[in-house]
Amino acid sequence: MNASTLKTRLEARRKAAARLLKQGKGIREVARLVHAAPSSVCLWNKRLAQGGIEALAIRRGGHKPRLNDDDRQRLVKILLRGPRASGFWNDLWTCSRVAQVIERRFGVRFHRDHVWKILRSLGWTCQKPERRARERDEAAIRRWRESDWPRIKKEHSPPS
């Protein structure tokens, strides 16, 4: 069930409760009929009395995001430039490093575990860097693949 479907169902339940309350039914009876807690029905009744049926609309819950949409887009641009552009010694983003960048650039502190949630919401995924020796000689590897490997493969292939 997506968020808008859930919102619609919750609002429909609140409006059903409002109709029952207007008919003179008690808080506990309405709670039982709409499958809600009596404390919720009591709160809905107060909102109904103060602001009418519009007061029962679902409001966005939780805190206001500490990084707005513009900040999040700026963060993506910073991350795409790579860790070295942000002053780190290698090309590996970690949640701790991203948290440091967010704090330096936006003045907002996040725990490294929460940074993962932010990155995931931006479409980023966990990547494991390839381990390669520093002494790796790409030219020698290429020569081996082009000349030695075909010869070795041919020598050890089963007869057809």
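Read the figures in this text as sums done on the coordinates, not as results from a lab. Just so it is clear, the model here is predicted, and its values are computed rather than measured. So basically every Cβ, Gly included, is an ideal-geometry build from the backbone, and we count neighbours across all protein chains shown.
Partners of Lys128 within straight-line reach, counting lysines whose Cα lies under 24 Å from its Cα and excluding those fewer than 8 residues away in the same chain: Lys77, Lys117. What is the distance, in nm, between label points placed 7 Å from the Cα along the Cα-to-Cβ direction at Glu135 and at Gln23? My value for the distance between the label points is 8.4 nm.
Here the label points at Lys154 and Thr8, each 7 Å from Cα along the C-beta direction, are separated by 6.7 nm in the simple model.
For Glu138, what is the net charge nearby, where nearby means another residue's Cβ is under 15 Å from its Cβ and Lys, Arg count +1, Asp, Glu -1? Write down the numbers at each step before the final one.
Details: positive: Arg132, Arg134, Arg136, Arg142, Arg143, Arg145; negative: Glu130, Glu135, Asp137, Glu146.
Within the 15 Å Cβ shell, the charges total +2.
Each of Leu80, Leu56 was scored by other Cβ atoms within 10 Å of its Cβ. Arranged with the fewest first, they read Leu80, Leu56. For the listed peptides 146-155, 101-110, a ranking on the average number of other beta carbons within 10 Å per residue, highest first, reads 101-110, 146-155.
How much net charge surrounds Trp149 when only the other residues with a Cβ under 13 Å from the Cβ of Trp149 are counted, with Lys and Arg +1 and Asp and Glu -1? The partial results should precede the final answer.
Working: positive: Arg142, Arg143, Arg145, Arg151, Lys153, Lys154; negative: Glu146, Asp148, Glu155.
Residues near Trp149 contribute +3 overall.
When Cα extents along the principal axes in Å is computed from the coordinates, the matching label among [x] 79, 58, 20; [y] 46, 29, 24; [z] 91, 54, 20 is [z]. Under a Gaussian network description of the chain, with springs only between Cα atoms under 10 Å, the residue in Pro83, Pro129, Pro38 that fluctuates furthest is Pro38.
Annotation: the residues Cys126, Cys42, sorted from fewest to most other C-beta atoms within 10 Å of their own C-beta, follow the order Cys126, Cys42. With contributions of -39500 (n - 2.57) from each DSSP H run of at least four residues, the per-residue ellipticity at 222 nm computed over the chain stands at -17000 deg cm²/dmol.
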